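Enquirer: Just dropping this structure here.
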Amino acid sequence: MSTNLLISDQIGTSVVDYSGLVNMALFSSDVQSVKDDKFFNVSYNFSPCSVTTNINDIQSVYNTTSFYIYGLLHNITGLTDKLQNVNGEFVIENVSQLDGSKLYLCFLLQSVTATDNPTNDAKNGLLSHFFNSLVTDSNGTFIEKGNTSVNKNIKISPYYDETIPSQTNCITYFDTTKNATVVIYTNPITYNTVTNTTNFKSYLDGLTTTTKLFNVQPNLSSDKINNKSTSSTGSTGSNSKSNIENDNIYIDCNPTGESEESIKTYNLPINSNLMNDIQKSSVSTLINNFAMFSILLIICYIGIPQLYSAAVCEKNMGDEDQYYSRIFIFV
């Protein structure tokens with residue numbers, strides 16, 4: 001198998017679930033790049049938004065940390081060499097909640113004519129928001145790191161933003177040298193123009209086609225991911241394993257759960273569903289313990305005097321026997 005990326009390497013997008021990327025606030029003050037870098041980078045430091053993967057039946061959860069715009073980084077035989085005017089990539093960087101490894105979601109960018117109905121809306125599209133509010137200001141001047149004279153922000157929802165076309169296939173590989181997983185979606189975001197003052201295509205044509213984030217080709221052919229899992233990554237309570245033999249699919253589902261010890265190793269968002277469940281469980285346990293203590297206290301309050309009366313008062317014991325009986329009942 002070749003280490004070069006081929007269209008035949010594509011797999012279904014069920015290995016990645018980025019539906020958690022919603023209502024994300026980005027600010028011009030968080031721009032981390034300068035014009036000489038030949039790429040755009042803005043960090044994301046607001047409420048946690050997560051991406052989950054289920055690759056080779058191993059599930060991982062990542063938090064989004066940065067967004068990038070590059071020139072075309074990946075050359076995919078049978079895809080980028082067939083599509084015209086594919087000249088950029090929109091990259092979302094994510095960091096594992098468990099071990100700090102990286103996950104990069106890469107969306108191809110393709111220039112088309114207005115008659116081709118570009119997926120990116122020229123005013124409200126994802127690329128338009130970035131270019132008009134974070135890459136450049138209202139005068140077309142590029143916003144750079146440390147520029148305090150500009151105070152602009154946008155709110156995006158990459159999963160629900162219809163200017164990112166629906167994806168059915170992706171090409172995925174491990175970059176073992178950078179401890180990263182790279183996902184390239186095969187259906188490009190198409191655009192015509194995203195601003196009235198500066199041409200976005202010209203901007204992309206001037207960006208670098210190299211990056212230090214990850215290797216743009218797998219190091220070994222075995223690093224390409226040919227995932228056989230049929231489970232949805234939106235599910236966090238089970239893993240699925242499928243075996244394909246002679247065009248027959250056998251699915252063996254083994255429900256698994258996270259132990260309390262495992263959950264303690266995760267950094268959980270305060271307002272996440274899992275944290276709410278844990279808090280409700282703790283309150284329920286406290287109420288149950290208090291109820292059991294109350295019942296035991298009532299039993300002791302009623303039972304001990306009855307036991308003392310039956311064992312001591314009604315037996316006509318001598319002083320020494322009564323003494324030892326009281327000690328026994330007290331204990």
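What follows draws every value from the coordinates through simple rules; no lab data is involved. Quick caveat: nothing in here was measured; it's all calculated off a predicted structure. All Cβ positions, glycine included, derive from the backbone under ideal geometry; neighbour counts span all protein chains shown.
Enquirer: Between SER282 and ILE329, what length comes free when the chain is fully extended (0.36 nm per residue of separation minus the Cα-Cα distance, one decimal in nm)?
Expert: Gain on stretching SER282 to ILE329: 13.4 nm.
Enquirer: Another one. Pop out the Kirkwood hydrodynamic radius of region 7-242 from its pairwise C-alpha distances, inverse of mean 1/r, in Å to one decimal.
Expert: After inverting the mean inverse Cα-Cα distance, the result is 18.2 Å.
Enquirer: Now a separate question. Within 12 Å, Cβ to Cβ, of LEU109, how many net charges do the neighbouring residues add up to if Lys/Arg are +1 and Asp/Glu are -1?
Expert: Charge balance in the 12 Å sphere: -1.
Enquirer: Charges at C-beta only: +1 for Lys and Arg, -1 for Asp and Glu. How large is the resulting dipole of region 7-242 about its Cα centre, in Debye rounded to 20?
Expert: Taking the Cα centre of region 7-242 as origin, the dipole is about 80 debye.
Enquirer: Beyond a 31 Å Cα-Cα separation, which of these cross-linked pairs lie in this structure: LYS38/LYS155; LYS102/LYS201; LYS152/LYS224; LYS123/LYS224; LYS38/LYS123?
Expert: LYS152/LYS224; LYS123/LYS224
Enquirer: Work through the residues other than PRO188 whose Cβ is under 14 Å from its Cβ and net out their charges, Lys, Arg +1 and Asp, Glu -1.
Expert: So the environment of PRO188 carries a net charge of -1.
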